[in-house]
Amino acid sequence: MNSDFNTIWETYTSSWKLETAEQKRELFEQCLHTDCEYTDPLIKTRGWSELLNYMLDFHKMLPGGYFETYYFLAHNNQSIAKWQMKDASNTVMGEGVSHGSYTSDGKLLTMTGFFETTGLPAEL
């Protein structure tokens with residue numbers, strides 16, 4: 001099951017890189033529960049629409065930005081992932097750790113990111 005969670009996590013992570021709302025929603029259907037909650041030091045969102053708006057704002061501040069997971073563990077419908085945030089030229093802009101929880105059918109229900117906020121643009 002760990003590989004299933006990893007596949008779901010990577011599908012979710014790849015949605016951050018996509019630029020249009022339609023592309024993101026297509027991936028959301030594969031990996032996110034409709035009432036998902038996303039939390040990080042800057043915001044808390046609930047549901048696809050709020051998360052989608054946050055992701056689109058992320059792209060306004062960091063065009064071409066994305067996340068790359070380099071460490072992943074999962075058990076009992078939970079996961080942790082260590083990641084790097086990169087810009088369009090693949091330069092590392094930051095790093096952090098995220099916790100995910102999954103529904104019984106394998107969709108992400110909560111995603112909680114931990115990262116330093118010093119040095120980030122105020123608009124994020």
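The values are calculated or read from the model by the stated rules, or taken from the named source; none is laboratory data. Predicted model, so just to flag it, every value in this text is computed and none were measured. All Cβ positions, even for glycine, are placed from backbone atoms using ideal geometry, and neighbour counts span all protein chains on display. Just the protein is used for accessible areas: all its heavy atoms, side chains included, with ligands, DNA and RNA removed. Shrake-Rupley method; radii C 1.70, N 1.55, O 1.52, S 1.80 Å.
Structure data summary
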read-out	value
Over segment 1-108, volume per residue of the alpha carbon convex hull, in Å³	93
Evaluated over segment 6-66, the Cα radius of gyration and Dmax, each in Å	10.7, 28
Of the GluC sites (Glu not before Pro) in segment 1-109, those whose Cβ has at most 14 other Cβ within 10 Å and which sit in DSSP loop	Glu19
For the chain, share of DSSP beta bridges that run antiparallel, in % to the nearest 5	90
Accessible area per residue, Å², the chain with all protein chains present, probe 1.4 Å	55
Student exercise, the chain dipole from Lys, Arg, Asp, Glu Cβ charges, in Debye to nearest 20	100
Percentage relative contact order, the chain, counting C-alpha pairs under 8 Å, at least six apart	26
Pairs of lysines in the chain (C-alpha under 17 Å apart; 8 or more residues apart or interchain)	6
0 to 90° range, to nearest 10: angle between helix 21-31 axis and the chain longest Cα axis	30
Accessible surface of segment 13-124 [probe 1.4 Å, protein heavy atoms]: carbon and sulfur percent	51
Rounded tilt (10° steps) of 47-61 against the dominant C-alpha axis of the chain	30
Separation between Cα centres of segment 1-57 and segment 96-113, rounded to whole Å	10
